[in-house]
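Asker: Here you go, one structure.
The values are calculated or read from the model by the stated rules, or taken from the named source; none is laboratory data. Keep in mind the model is a prediction, meaning the values are calculated, not measured. Methodologically, a virtual Cβ is constructed for each residue, glycine included, from the backbone with ideal geometry; neighbour enumeration extends over all protein chains shown.
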Amino acid sequence: MYKEIFDEVVSIMQNHYAGYIDKKGWDNPEKYIRMVEDLEECDKNDQAFIDIVQSYLLDFKDRHVFFIKSEESKLKDSDVGFKVRRYEESLVVTEVMDDARLKVGQKIESLDDRSIEELSESYQKQLYFETNERQKWNELLLNHETFESDGHSYAFRRFDKKKYESVHKGELLNDDTLMFTFTDFIDNRPVDKVIDKFKEELEKVDNLIIDVRTNLGGSSFAYQNFFKYLFPKGEVNLQDDNYKMEFNLTEKNSDWLLELYEGMTKDGSTHLDGMMAFIKANKGNGFASLSDDPDFLIIGKGSPSNIIVLTDTFCASAGDAFALTAQLSPKVTIVGRDTLGVLDYANLNIRKYENSFEFYYPTSRYSDRNDNVITGRAKPDIYIPWTPEHTEEDIDLKKALEVIDK
């Protein structure tokens, strides 16, 4: 089983992955085949197999490519009971879920007696060669036994990982300021529900703050009904001929994507009809570009007249796209930090294996008119560096309100 699954993963990355031409020769599957063949096939080795496949996939340097356990798997996801963020030479605790020994704002200076700076060199590939502020350390903590903080040494504890709970909400901060928070754009229904709930307020308030600092992405179709509020009154054409998105519609990708989207439609998603028609029309053609779409033409509203979008490096994929689209509007100011920037290869397909594993990989490629791949990282109009003070108060929101007051 392991060998057959690994062989398909390699075949997909070398033929069906959207970056297979750009990254030809980047991978070295032979390095991992022997490791896979030496694994005895049993539940206890499933995690070792996941680790091997993930190591292979890291060679592609694509955050949108990952191999994980399935929901049906007997493996349990675990974490260390708290979350951290890199700041200078330390990791700062930003959230405590289970490990009551720690406090938000506490600094961790080393792991297993190795400094954070030293470890960041060792973890360059896993950290995607990012600058300190953009590094993601939470999963890496599981590789260590101890950590040092405030002169004390602690042994890491393991807890069952809590299931992700999405947030789609709105609230009035004052009579003239509305705030929306969206932690993903996986489905249009919860986004539309918030818009409908605050439809009257959207027509009246002058100011709107949209918090997508943590946004796992999903689909740009999920927020299409929101576009009219982002742009000034009148007709707006969002089609940009300087950029193109192409889908690698091989026979297999087309069949797999149609199966995936049909399943999502049965579950209630209402925004995939156009995409499915596009796939059927181009099945087997290889890379096909999305043509002009009437959905790019919108009628903007005058209210709200002043919009602030809060962003951070935890805003990704469809979150990147949302911030970039919002930034096209003269009504919008982006405040915070750069988004993650993973639009270069996107629109993920999912392959499921033996009720044990799931493999996610991109099927679309985003580029400019010269065919250069575009990451899609949205840069803020007002940059606010992340510091430990962010654990004490919402510095970004405070700045947004200052901008509004001006």
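Asker: Out of everything in segment 78-126 that is out of contact with any Phe, Trp or Tyr (no Cβ under 8 Å at 6 or more places or on another chain) and among the hydrophobic types (A, V, I, L, M, F, W, C), what residue ends up being surrounded by the fewest Cβ atoms within 10 Å (Cβ to Cβ)?
Answerer: A100
Asker: Quick one: is E121 under 27 Å from the mean Cα position of the chain (by Cα), without any contact (Cβ under 8 Å) to a residue 12 or more places away in the chain and assigned to a loop (DSSP other than H, G, I, E, B)?
Answerer: no
Asker: Restricting attention to helices (runs of 4 or more DSSP H) lying wholly within segment 1-115, give those where 3 or more residues are farther than 23 Å from L142 by Cβ, of a type in the set (A, V, I, L, M) and without any contact (Cβ under 8 Å) to a residue 12 or more places away in the chain.
Answerer: Counting at least 3 such residues, we get no helices (runs of 4 or more DSSP H) at all.
Asker: Next question. Please verify whether M13 is closer than 25 Å to K76 by Cα, out of contact with any Cys (no Cβ under 7 Å at 6 or more places or on another chain) and either among the hydrophobic types (A, V, I, L, M, F, W, C) or at pLDDT 95 or above (or both), treating the condition exactly as stated.
Answerer: No: the conditions fail for M13.
Asker: Sticking with this structure for a sec: Scan the strands (runs of 3 or more DSSP E) fully inside segment 156-228 and keep the ones with 3 or more residues being surrounded by 20 or more Cβ atoms within 10 Å (Cβ to Cβ) and assigned by TED's automatic domain parsing to the domain that holds S329.
Answerer: Once the strands (runs of 3 or more DSSP E) in segment 156-228 are filtered for at least 3 residues that are surrounded by 20 or more Cβ atoms within 10 Å (Cβ to Cβ) and assigned by TED's automatic domain parsing to the domain that holds S329, what remains is 177-182, 207-211.
Asker: Identify, please: which residue in segment 234-261 is among the acidic types (D, E) and at pLDDT below 90 and is, among those, surrounded by the most Cβ atoms within 10 Å (Cβ to Cβ)?
Answerer: Ranking the qualifying residues of segment 234-261, first place goes to D240.
Asker: Find the residue count for segment 356-379, including only residues that are under 14 Å from Y345 (Cβ atoms), hydroxyl-bearing (S, T, Y) and not in a strand (DSSP E or B).
Answerer: The number of residues fulfilling the criteria is 1.
Asker: What number of residues in segment 153-185 are at pLDDT below 95 and closer than 18 Å to L91 by Cα?
Answerer: 0
Asker: Can you pull out every residue in segment 124-155 that is in contact (Cβ under 8 Å) with a residue 40 or more places away in the chain, in a strand (DSSP E or B) and of a type in the set (S, T, N, Q)?
Answerer: S149
Asker: With respect to N370, determine if the residue is free of Cβ contacts under 8 Å to residues at least 24 places away in the same chain, farther than 20 Å from N215 by Cα and either among the polar types (S, T, N, Q) or in contact with a strand residue (DSSP E or B) (Cβ under 9 Å, 6 or more places away or on another chain) (or both).
Answerer: yes
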